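Okay, structure first, notes after.
The values are calculated or read from the model by the stated rules, or taken from the named source; none is laboratory data. For clarity, every value in this text was computed on a predicted model and none was experimentally measured. Cβ coordinates were reconstructed from backbone atoms using ideal geometry, including for glycine residues, and neighbour counts include every protein chain displayed. Just so you know, the surface numbers come from the protein's heavy atoms only, side chains and all, with ligands and any DNA or RNA stripped out. Shrake-Rupley method; radii C 1.70, N 1.55, O 1.52, S 1.80 Å.
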Amino acid sequence: YIGDITHKGERYRGEHEAIIDREIWERVQSQLQSNAVSRGSSTNSKSRSQLTGLLFDAEGHRMVPSHASKAGQRYRYYVSRPPEEKAADASSAWRLPAPTIESLVVRETCQLLKDSPRLSDALNLTQLPTNRLKEIFSHAEELEVRLRDSGPGEQPVLLEDMIDRIVVRPGSICISYPFEKLRSLIGVSAEEGDPTVEAHFSLEVSIQFKRRGIEMKLVLGSEREPQPRPDPVLIKAIAQGHGW
């Protein structure tokens, strides 16, 4: 491109004519390097852990992103991080599959935003005029669509704006939403609705866990749970097994 050749790791001036100015070449290389760093960052990664900083176990320990690789496949988890003095005791540690709990939190939050009566009760909006409620519920539905359809870069930001804390307990997951912040996100002014002494309201989601060693498997009992999707690779393997 710039008229150089390389030999044994060294660059030399070649005999061919350059087709790109060296200054442009250097700018492009700088841009490519910047893009490579950006693509590898957690903000743009498709596998970014969306609940980082929000998730805690029943003991109050923060749950941090982790991953494991098997047969070329990368599996993401959230694992408990107890204080150093308790690190040796793994009996109460949690290890949850990240995609399952992330989809659960997004789904339950979207359901809340779409459920007008439930949202009205949770945010103390029942005293507002009907026409004003329609405007607010319309904003809530727009926020639900934005959360549901957002990409891997935007969704964690939206969740961080809407959620204060998620606590995983045996039998349930508790999602805590900041009261005034969520009201503001759907267009409710500070003067509207009944005042409340509570800074948050919580959504309790019943769920079952099955422990396999240190890892927890989530068993969702909600009727809103999406239907399983067929795995074509597994189906093909089973078919081949029957053929053999």
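The table for this structure:
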read-out: FRET efficiency, 1/(1 + (r/R0)^6) with R0 30 Å, evaluated for S69 and H200 via beta carbons; value: 0.20
read-out: Directionally averaged projected area (convex hull, Cα atoms, the stretch 137-181), nm²; value: 4.0
read-out: Order of exposure, largest accessible area first, which applies to R183, R107 with probe 1.4 Å; value: R107, R183
read-out: Computed FRET value (nearest 0.05) for K114 with R165, which takes r as the C-beta separation and R₀ as 30 Å; value: 0.85
read-out: Computed accessible area, E23, all protein chains, 1.4 angstrom probe, square angstrom; value: 120
read-out: Accessible-area value, H139, 1.4 Å probe, nucleic acids and ligands omitted, Å²; value: 80
read-out: Spin-label model distance (nm) - T6 vs W244, 7 Å beyond Cα toward Cβ; value: 4.3
read-out: Value in Å of the Kirkwood radius, where the stretch 105-200 supplies the Cα pairs that are averaged; value: 13.9
read-out: Largest-first ordering by accessible area, 1.4 Å probe, given options W244, W25, W94; value: W244, W25, W94
read-out: Dipole moment magnitude, nearest 20 debye, the stretch 112-190 about Cα centre, only Lys, Arg, Asp, Glu C-beta charged; value: 220
read-out: Accessible area (Å², 1.4 Å probe, nearest 10) - D4; value: 30
